[in-house]
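First up is the structure itself, then whatever we jot down about it.
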Amino acid sequence: MKIVIAPQGFKGSLTALQIARAIAKGINTVMPDAETVLVPAADGGDGTLQALVDSSNGTIETATVSDPLGRPIEAAWGAMGDGETAVIEMAGASGLALLALDELEPLNTTTYGTGELFTAALDAGYRRFIVGIGGSATNDCGAGLAQALGISLRDADNNELARGGAALAGIDHVNMSKFDDRLRGVEVTVACDVNNPLCGDDGASAVFGPQKGATPENVKQLDAALSRFADVVENDLGISVRTRPGAGAAGGLGAGLMAFLDARLAAGVDIVLDAVGLDATLDGADLVITGEGQIDHSTIFNKTPVGVAARAKTRGIPVIAIAGGLGEGYRETHEKGLDAAFTLVSGPMSLDDAMADTANLLVGVTEEIMRTIEVGQSLKV
């Protein structure tokens, strides 16, 4: 029996590779002759960098960059094992989790540090990028990233704009004369699971600004600033980003990446599953086991288990999911290709205890799953 194991990491507990190894151990305890193929996965959000690095035998690198408020921090980026592709999670440099609640400043936070991660990867020789843009603390349309890459954003008096989204209200023109030439012709693929336009009621500021600390007045101010940015980019670069799906992702970083780096935006899970080569591993597989920390209604929106199941189902392969918890609406995933879902919790226990013992719990529930499969194989129908 060939079993493909393609989970994502359990946030705050184990990486996708560690999860896959624990599941494989449970399988081989019951079926020692089973062939297990480990495919660490993710959906473009938290854990994407680690999954892509692990699946390709790459490395985690670090660089000193600016956090959303301009303070120096150490941030990670990934060098995939192909020697050509770098992985950047913008949240590591420009993410909401880097700020305390009383530090949320959506008018002034910047993606400059994310641009510095690009520079670090360029310095290491990489010209192909996979970028995860979830979890941002910023609403600057990628202006900070652009400035870090040598693009000058100037006001009517030809002064460089300050960092942050509010400053974009004064943008007059874009000067590309000092743009880092190494970025010309690079391939940038952005893992993006939202289709919001840049401006308006469904735009970056209105939809995502409040969670970053924006007041209703801030939202209006930022929306107008991003609208001004869109006008100038279209006028100076001939690129229209205002209404493009995904332009509003990560406070408009989607728009900035499309405008300045000709990035391609796509569903995060599809980018990752293509990069880790899931389709090739499914050839000849008898079973797929996937999973995530919590399976619930939100899982149906193209998160890892459903993304994995969709590809398995095109080949008629049954799919089982294992989760830390099964929340409201988890049965909806059955209609999305998950034939069965199991929780790893074996009895009453605290979340802290479950997270501390995740590996052993995974081995245990996988053993029981495989024993159930053996029972099914022995039945004569």
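For segment 199-219, indicate whether the set of residues that are of a type in the set (Val, Ile, Thr), crowded, with 19+ Cβ neighbours inside 10 Å, in the same structural domain as ALA143 (by TED's automatic domain parsing) and assigned to a loop (DSSP other than H, G, I, E, B) is non-empty. No, every residue in segment 199-219 fails to be of a type in the set (Val, Ile, Thr), crowded, with 19+ Cβ neighbours inside 10 Å, in the same structural domain as ALA143 (by TED's automatic domain parsing) and assigned to a loop (DSSP other than H, G, I, E, B).
The condition (being assigned by TED's automatic domain parsing to the domain that holds LEU253 and free of Cβ contacts under 8 Å to residues at least 40 places away in the same chain) is satisfied by just one residue among ASN159, ASN196: ASN159.
Based on this model, can you work out whether VAL4 counts as farther than 23 Å from LEU145 by Cβ and among the aliphatic types (A, V, I, L, M)?
When the stated conditions are applied, VAL4 passes them.
The condition of being at pLDDT 95 or above and over 26 Å from LEU361 (Cα atoms) holds for only one of ILE5, ILE73, that being ILE73.
Listed by position, the helices (runs of 4 or more DSSP H) contained in segment 85-172 that have at least 3 residues being of a type in the set (A, V, I, L, M) are 112-123, 143-148.
Within segment 80-92, residues that are touching a residue at least 12 places away in the same chain (Cβ under 8 Å) and closer than 13 Å to GLY135 by Cα sit with their Cβ atoms under 7 Å from residues that are among the hydrophobic types (A, V, I, L, M, F, W, C) and surrounded by fewer than 15 Cβ atoms within 10 Å (Cβ to Cβ), at 6+ positions apart or across chains, in these pairs: ALA91/ALA97.
Output yes when any residue across segment 106-113 is at pLDDT 95 or above, under 18 Å from the mean Cα position of the chain (by Cα) and β-branched (Val, Ile, Thr), and no when none is. So that I can check it myself, show each step before the final result.
Of all residues in segment 106-113, those at pLDDT 95 or above come to 106-113.
Still in the running and under 18 Å from the mean Cα position of the chain (by Cα): 111, 113.
Restricting the remaining residues to those that are β-branched (Val, Ile, Thr) gives 111.
Yes, because at least one residue in segment 106-113 is at pLDDT 95 or above, under 18 Å from the mean Cα position of the chain (by Cα) and β-branched (Val, Ile, Thr).
Among all positions in segment 31-44, there is no residue which is modelled with pLDDT under 95, surrounded by fewer than 24 Cβ atoms within 10 Å (Cβ to Cβ) and touching a helix residue (DSSP H, G or I) at 6+ places or on another chain (Cβ under 9 Å).
The values are calculated or read from the model by the stated rules, or taken from the named source; none is laboratory data. Fair warning: this is a prediction, and the values are worked out from it, not measured in the lab. Using ideal geometry, Cβ is built from the backbone for each residue, glycine included, and neighbour counts are taken over all protein chains shown.
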